[in-house]
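Read the structure below first, then the notes.
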Amino acid sequence: MHTLDTFYIDGEWVAPEGTATMPIKNPANNTQIGILTLGSTVDVDRAVAAAKTAFETFSRTTKAERLALLRKLLEITKRRQGDLARAITAEMGAPASMAHDVQAESGVGHLVSFIEALEEMVEEEELPNGDILNREPIGVVGMITPWNWPINQIALKVIPALATGATCVLKPSEHTPLSANIYAEIVHEAGYPAGVFNLVHGDGPTVGAAISSHPDVAMVSFTGSTRAGVEVSRAAAPGIKRVTLELGGKSPNLVFADCDLEKRIAESVAECFDNTGQSCNAPTRMLVERSCYDRALELAKAAAQAQKVDDPAKQGDHIGPLFDEIQYDRVQTMIQTGIDEGATLLAGGLGKPDGLELGWYARPTVFADVNNNMAIAREEIFGPVLVMIPFDTEDEAIAIANDTEYGLAAFVQTGSAERADRVARRLRAGVIAVNGRATEYGSPFGGYKKSGNGREGGVFGLEDYQEIKVRTPFVV
């Protein structure tokens, strides 16, 4: 049983002011594996004060000094990758292989790309007009991260702050505190000065709101639901602070008849179900050219029925449970909604897979004959549920793809390079994946419309944490 009753503030693990607690549960069997103490506004004030004090000196460190610390951070993150993976499996149900090779590995991959970006970044330069431009750290950054990719999102926020000379207060999801505490231990061992990085556990309405509205926080970086992103923006607005948001998605996947249909359908279904469908950029709307639609249905059904679901503690390429009972109930409700709306249930459906009744496991589900007005085509389900929509022309496919309040990612499957380029340019989304190839570490990640603003990763991620100052050159 894990007892998490201290926060990392000003370089030390300290007892919180808050006294409320909540259980930490394993979604694979719904057993309690720990207890977490939740913070209060007083804890946020302490952490922000520590970060504000640390900023006075850390903001003046040289790029060489910050790079040395990042390289030490990288060394320790690699060494503790297994610890991070085991925590992620226990607290949110990511299967062991995926937790190590993808979830925890993201803490390494993003760190490498940020080091490379900082090495190349020019922090002072002369403009063509002779003025001097400086890129400086923005100040104290408040960070609020989700449970579905816990280390990925922590790395995308904490590392650019450390790289640019900003200081930070992190509120990880209260549902995935084990991996967050390990990350705090990694930062501490790397030798960062006291107050540069602080961690406060708590819920959104208390700790999250206190961070968002705090007058000494210069920037808030939030990843989560669009609904919660609106609340963060409202809380931050009176302080005119910078707010970056990475929110929901309902990503379209445009499948044209000229692609390698067998390969692309199988890969697309697997991509949708990856992380048990609990990814904001998952390709959950498959738009298929009508001339190959019937064959695509056969292939998607076969892929869904072949998708293995099993205990996340096991190694392998299976998917695990949904995160918790609330998420399970929502997915079940949306599956029932799809049935009620008249969509064709091609695979899966309501209930749990045979033999997996204890945890929050869902059946990999595919709906056919969906139209874009149905709730299952418009709402983010956040589970292993794929909807398939036919189209007749390229223009119609693009129109359906863009007919969403979201714009995080889109996917294109085609055998034509010209079509891939033409379609990608017209899709209103921040990330376009062509023929199963994912973007690499260091590329900017973020969305259009209600999927958020700002970009995470690489040089663009660093720039979000910087202010631009211009000054005139010295003259006598």
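The values are calculated or read from the model by the stated rules, or taken from the named source; none is laboratory data. Keep in mind the model is a prediction, meaning the values are calculated, not measured. As a convention, Cβ positions derive from the backbone with ideal geometry for all residues, glycine included, and neighbour counts pool all protein chains shown.
Would you be able to tell me the number of residues in the range 122-163 that are in a strand (DSSP E or B) and over 23 Å from residue 242 (Cα atoms)?
Residues that pass the stated criteria total 3.
Give the residue that is surrounded by the fewest Cβ atoms within 10 Å (Cβ to Cβ), with candidates limited to residues of the range 1-42 that are out of contact with any strand residue (DSSP E or B) (no Cβ under 9 Å at 6 or more places or on another chain) and of a type in the set (A, V, I, L, M).
42
Among the residues of the range 349-365, is any touching a Lys or Arg at 6+ places or on another chain (Cβ under 7 Å), farther than 22 Å from residue 89 by Cα and assigned by TED's automatic domain parsing to the domain that holds residue 269?
Taking every residue of the range 349-365 in turn, at least one turns out to be touching a Lys or Arg at 6+ places or on another chain (Cβ under 7 Å), farther than 22 Å from residue 89 by Cα and assigned by TED's automatic domain parsing to the domain that holds residue 269.
Looking for whichever is within 21 Å of the chain's Cα centre (by Cα) and over 30 Å from residue 308 (Cα atoms) here; the options are 440, 418, 456. Which one fits?
Answer to the selection: 456.
If I filter the range 380-428 down to residues being among the small types (Gly, Ala, Ser) and in contact with a Leu (Cβ under 8 Å, 6 or more places away or on another chain), which single residue comes out as farthest from residue 264 (Cα to Cα)? First the steps, then the outcome.
Residues of the range 380-428 among the small types (Gly, Ala, Ser): 383, 397, 399, 401, 407, 409-410, 415-417, 420, 424.
Restricting the remaining residues to those that are in contact with a Leu (Cβ under 8 Å, 6 or more places away or on another chain) gives 383, 397, 401, 410.
Working: 383: 21, 397: 17, 401: 18, 410: 14 Å.
Among them, the one singled out is 383.
Mind checking whether some residue in the range 86-104 is over 14 Å from residue 151 (Cα atoms), of a type in the set (A, V, I, L, M, F, W, C) and without any contact (Cβ under 8 Å) to a residue 60 or more places away in the chain?
For the range 86-104, residues over 14 Å from residue 151 (Cα atoms), of a type in the set (A, V, I, L, M, F, W, C) and without any contact (Cβ under 8 Å) to a residue 60 or more places away in the chain: absent.
Quick one: how many residues across the range 303-354 are in a loop (DSSP other than H, G, I, E, B) and without any contact (Cβ under 8 Å) to a residue 60 or more places away in the chain?
Step one: list which residues in the range 303-354 are in a loop (DSSP other than H, G, I, E, B), which gives 307-308, 310-318, 320-324, 341-343, 350-354.
Those left that are additionally without any contact (Cβ under 8 Å) to a residue 60 or more places away in the chain: 308, 341-343, 350-354.
Of the residues in the range 303-354, 9 are in a loop (DSSP other than H, G, I, E, B) and without any contact (Cβ under 8 Å) to a residue 60 or more places away in the chain.
Please find, within the range 286-303, the residue that is farthest from residue 85 (Cα to Cα) out of those that are surrounded by 22 or more Cβ atoms within 10 Å (Cβ to Cβ) and either modelled with pLDDT under 95 or small (Gly, Ala, Ser) (or both).
So, considering only residues that are surrounded by 22 or more Cβ atoms within 10 Å (Cβ to Cβ) and either modelled with pLDDT under 95 or small (Gly, Ala, Ser) (or both), the one farthest from residue 85 (Cα to Cα) is 296.
Return the residues of the range 119-151 that are surrounded by fewer than 18 Cβ atoms within 10 Å (Cβ to Cβ), out of contact with any strand residue (DSSP E or B) (no Cβ under 7 Å at 6 or more places or on another chain) and farther than 20 Å from residue 60 by Cβ; say none if nothing qualifies.
Matches in the range 119-151: 120, 128, 129, 130.
Which of (1) in contact with a strand residue (DSSP E or B) (Cβ under 6 Å, 6 or more places away or on another chain); (2) crowded, with 23+ Cβ neighbours inside 10 Å does residue 280 not meet, given it meets every other one?
(1)
Go through the range 101-116 and count every residue that is crowded, with 20+ Cβ neighbours inside 10 Å and of a type in the set (A, V, I, L, M, F, W, C).
So the answer is 3.
Please note which helices (runs of 4 or more DSSP H) are completely contained in the range 1-115 and include at least 2 residues that are under 24 Å from the mean Cα position of the chain (by Cα) and closer than 30 Å to residue 309 by Cβ.
In the range 1-115, the matching helices (runs of 4 or more DSSP H) lie at 81-92.
Show the residue pairs that are 6+ apart or on different chains and have beta-carbon atoms under 6 Å apart, the first residue being within the range 448-472 and within 17 Å of residue 135 (Cα to Cα), the second being part of a helix (DSSP H, G or I) and of a type in the set (Ser, Thr, Tyr).
Taking only residues 6 or more apart or on different chains, the pairs are 458/113; 462/164; 465/164; 466/164.
I want to confirm something. Restricting to the range 459-476 and keeping residues that are assigned to a loop (DSSP other than H, G, I, E, B) and either surrounded by fewer than 17 Cβ atoms within 10 Å (Cβ to Cβ) or β-branched (Val, Ile, Thr) (or both), which single residue is farthest from the chain's Cα centre (by Cα)?
476
Select from the range 221-251 the residues that are assigned to a loop (DSSP other than H, G, I, E, B) and in contact (Cβ under 8 Å) with a residue 12 or more places away in the chain and write down the one among them that is farthest from residue 149 (Cα to Cα).
Filtering first and then ranking leaves 241.
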